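Colleague: Below you'll find the structure I mean.
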Amino acid sequence: MSFEIMLLQLTKGFGQTCLIFFLTLVFSLPLGMVVYFGRVCRLKPVSWLVKIYISIMRGTPLMLQLLVWYFAPFYLWGMNIGGYKLTAIIIGCSLNYAAYFAEIYRSGIESIPQGQYEAAALLGYSRQQTFFKIVLPQVVKIVLPSVTNEVITLVKDTSLVYALSYVEMFAVAKQIAAAQTTVLPFFIAGVFYYIFNYVVAGMMELFEKRLNYYR
C-alpha cells in the first residue's frame, strides 16, 4: 500500500473521529450543567441518584461503559443493534463526560463568594437572574482551563471506540498496520491526534484570552 492511499484512508477515519468528538462535546457540555443541578438538588433522592451516577461514570473505564451501552439493549431486550453503534458511542461518551463537566461546574460555582449572592438579593435580582447574569459569566472564566483539559482528553478518548469495531482513525490505523505489518499508520495517526489537540488547545486559549476582561 502506497503512502498516499494510507494517508487517504486515515483521513477518512479522522472524519469519523471528528464527528464523535464534536457530537460528544455538543451533548456533554450542557448535560453537565443539568447533572450539576441534580447534584445540588434539595430533594435528597435526586441528589443521591446523581451522586451515584457521577461516581459510576468517573469510577469505571469509558471503554467498559461503551461496551455496556452497545450490548445491553441486545441482551436485555433483544434489540437489533445493527445500526445502533454510533448512537451507543455518543450516548456513552456524552454521559461519561457530562459527569466530569458537572464536577468542574460545581467547583467553579462554589468558588463564587456568598457575598455576591447577598448583594444580588439586595438589588432585587431573582435566583435565576443572579445565576445567569452574575454567577455564570464568572464561572465560565474560572472553569475554562479545567474544561480545556477535559476537551483535550476527549480527543484522545475517541480512540477507545475501536472496542465496538467502529471505523474511526485509530481503528483504520490498526487495520492497516496489521495488514501491512508496519507501525507507520500509528505514527501518522499520532500526528493527526497531535495536530487536532494543538488546534483545540489553541482555540480554547484564544477563547480564554477573550474572557480576560481586565487585562
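The values are calculated or read from the model by the stated rules, or taken from the named source; none is laboratory data. These numbers come from a predicted model, not from an experiment. A quick note on method: Cβ atoms are made from the backbone with ideal geometry, for glycine too, and the neighbour counts reach across all protein chains shown. Ligands, DNA and RNA are stripped out before the accessible areas are found, and what is left, the full protein with its side chains, is counted by its heavy atoms. Shrake-Rupley method; radii C 1.70, N 1.55, O 1.52, S 1.80 Å.
Colleague: Is it the case, given these coordinates, that Leu66 is touching a Gly at 6+ places or on another chain (Cβ under 7 Å) and not charged (D, E, K, R)? Don't jump to the end; show me each part of the working.
Modeller: Numbers: touching a Gly at 6+ places or on another chain (Cβ under 7 Å): yes; not charged (D, E, K, R): yes.
So Leu66 fits the description; yes.
Colleague: Can you tell me which residue in the stretch 135-162 is farthest from the chain's Cα centre (by Cα), limited to those that are open to solvent by 30 Å² or more (accessible area, probe 1.4 Å) and hydrophobic (A, V, I, L, M, F, W, C)?
Modeller: If we take residues in the stretch 135-162 being open to solvent by 30 Å² or more (accessible area, probe 1.4 Å) and hydrophobic (A, V, I, L, M, F, W, C), then Leu136 is farthest from the chain's Cα centre (by Cα).
Colleague: Now for a separate question. Looking at (1) in contact (Cβ under 8 Å) with a residue 12 or more places away in the chain; (2) surrounded by fewer than 16 Cβ atoms within 10 Å (Cβ to Cβ); (3) in contact with a Ser or Thr (Cβ under 9 Å, 6 or more places away or on another chain), can you tell me which one Ser28 breaks?
Modeller: The single condition Ser28 does not satisfy is (2).
Colleague: Right, something else. Which number in (1) in contact (Cβ under 8 Å) with a residue 60 or more places away in the chain; (2) under 21 Å from the mean Cα position of the chain (by Cα); (3) open to solvent by 50 Å² or more (accessible area, probe 1.4 Å) marks the one condition that Gln9 misses?
Modeller: Answer for Gln9: the failing condition is (2).
Colleague: Ok, one more. Of the conditions (1) open to solvent by 50 Å² or more (accessible area, probe 1.4 Å); (2) closer than 22 Å to Glu208 by Cα; (3) not in a helix (DSSP H, G or I), Phe132 fails just one. Which one is it?
Modeller: The single condition Phe132 does not satisfy is (3).
Colleague: State whether one or more residues within the stretch 43-52 are farther than 21 Å from Ser159 by Cβ, crowded, with 16+ Cβ neighbours inside 10 Å and under 14 Å from the mean Cα position of the chain (by Cα). Give the steps one after another, and end with the answer.
Modeller: Step one: filter the stretch 43-52 for residues farther than 21 Å from Ser159 by Cβ, giving 43-52.
Add one more test, that the residue is crowded, with 16+ Cβ neighbours inside 10 Å, and what stays is 50.
Still in the list and also under 14 Å from the mean Cα position of the chain (by Cα): none.
The answer is no; no qualifying residue exists.
Colleague: Can I ask one more? In the stretch 96-128, what count of residues is obtained for those that are open to solvent by 40 Å² or more (accessible area, probe 1.4 Å), in a helix (DSSP H, G or I) and aliphatic (A, V, I, L, M)?
Modeller: Final tally of qualifying residues: 3.
Colleague: I've got another one for you. So which residues in the stretch 163-194 are of a type in the set (A, V, I, L, M, F, W, C), assigned to a helix (DSSP H, G or I), open to solvent by 30 Å² or more (accessible area, probe 1.4 Å) and in contact (Cβ under 8 Å) with a residue 12 or more places away in the chain, if there are any at all? Please lay out each step first, then the result.
Modeller: Here is the first cut: in the stretch 163-194, the residues of a type in the set (A, V, I, L, M, F, W, C) are 163-164, 167, 169-173, 176-179, 183-184, 186-189, 191-192.
Still in the running and assigned to a helix (DSSP H, G or I): 163-164, 169-173, 176-179, 184, 186-189, 191-192.
Pick out the ones that are also open to solvent by 30 Å² or more (accessible area, probe 1.4 Å) and you get 163, 170, 178-179, 184, 186-187, 191-192.
Within the stretch 163-194, Ala163, Phe170, Ala179, Leu184, Phe186, Phe192 meet the criteria.
Colleague: Please determine, by comparing only the residues of the stretch 72-110 that are over 22 Å from Ala163 (Cα atoms) and not aromatic (Phe, Trp, Tyr), which one is farthest from the chain's Cα centre (by Cα).
Modeller: Among those residues, the one meeting the criterion is Glu110.
Colleague: Can you tell me which residues in the stretch 61-95 are aliphatic (A, V, I, L, M) and open to solvent by less than 70 Å² (accessible area, probe 1.4 Å)?
Modeller: Of everything in the stretch 61-95, those that are aliphatic (A, V, I, L, M) and open to solvent by less than 70 Å² (accessible area, probe 1.4 Å) turn out to be Leu62, Met63, Leu66, Leu67, Ala72, Ile81, Leu86, Ala88, Ile89, Ile90, Ile91, Leu95.
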